[in-house]
Amino acid sequence: PWDILDVHGADALRWYLYTASPPGNSRRFSADLVAESARRTIATLWNTYSFFVTYANLAGFDPATPEAPSARTELDRWVRSELHRTVRAVTEALDAYEPADAGRPIADFIEELSNWYLRRSRRRFSRPESEADRQAALHTLYECLVTLSGLLAPFTPFVAEEMWRNLAAGRAGRPDSVHLSDFPEVHEASIDPGLDEAGAMARKIVELGRRVRVDTK
């Protein structure tokens, strides 16, 4: 495997092998497939993480500072609901020894976090309407990234560890390594089926609009 490891890294190889198909099933394999899988998920996550670090440092963000729940927008509540739905799905799949079924919800959530939550929240980080609004966005994205670090630890241990050490190690009594931490737990009260359904409908409408725009040039 050294040609793949030298170019794309161990986490990219692990991620592709875990998510390409269930264990024991035949699968296609090539360096290009590993690269594409890593680009879609690991690179997208890393870009989101880098965005957070940049604006958290500019704002002097301290995750220990209490957040005002009333400042959360519908978008904040939607992505937190999706996050904890993902934790539930991943936990159930891993308990059933189905790593492919566990990895795919993580990939789906990373795509939602980057292409829906972050793209529609950018102004809240750079030019917020209020400091409370910026703090709500930072707290929400911080929670998503720390939780993703825990979910990804069995799949991409090096990326998960790098994120954890910068974001969570030693904070709020957390251990220095993600591999010494408890696996994320579902916060059922954060899951809002009505908001999830509305968010899915909104995304579908936008995607249909994009398709019409492309088709009609």
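The values are calculated or read from the model by the stated rules, or taken from the named source; none is laboratory data. Quick caveat: nothing in here was measured; it's all calculated off a predicted structure. Please note: Cβ atoms are built from the backbone with ideal geometry, for glycine as well, and neighbour counts cover all protein chains shown. Note: accessible area is taken over every heavy atom of the protein model, side chains too, but ligands, DNA and RNA are not part of it. Shrake-Rupley method; radii C 1.70, N 1.55, O 1.52, S 1.80 Å.
Data table
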item: Subset of the stretch 161-187 [exposed (fewer than 10 other Cβ atoms within 10 Å of the Cβ) and either acidic (Asp, Glu) or without any contact (Cβ under 8 Å) to a residue 40 or more places away in the chain (or both)]; result: Gly170, Gly173, Asp182
item: Test for Thr19: is it under 28 Å from His187 (Cα atoms), hydroxyl-bearing (Ser, Thr, Tyr) and open to solvent by less than 40 Å² (accessible area, probe 1.4 Å); result: yes
item: Complete set of residues in the stretch 54-66 that are touching a residue at least 12 places away in the same chain (Cβ under 8 Å) and either over 16 Å from Gln135 (Cβ atoms) or open to solvent by 50 Å² or more (accessible area, probe 1.4 Å) (or both); result: Tyr55, Ala64, Thr65
item: Among (1) at pLDDT 90 or above; (2) open to solvent by 40 Å² or more (accessible area, probe 1.4 Å); (3) under 28 Å from Pro99 (Cα atoms), the one test that Ile42 misses; result: (2)
item: When residues of the stretch 122-148 are limited to those that are polar (S, T, N, Q) and touching an Asp or Glu at 6+ places or on another chain (Cβ under 8 Å), the one most open to solvent (accessible area, probe 1.4 Å); result: Gln135
item: Residues of the stretch 195-215 classified as closer than 25 Å to Val90 by Cα and open to solvent by 50 Å² or more (accessible area, probe 1.4 Å), total; result: 5
item: Enumeration of residues in the stretch 72-95 that are open to solvent by 60 Å² or more (accessible area, probe 1.4 Å) and touching a residue at least 24 places away in the same chain (Cβ under 8 Å); result: Arg72, Glu74, Arg77, Arg85, Arg88
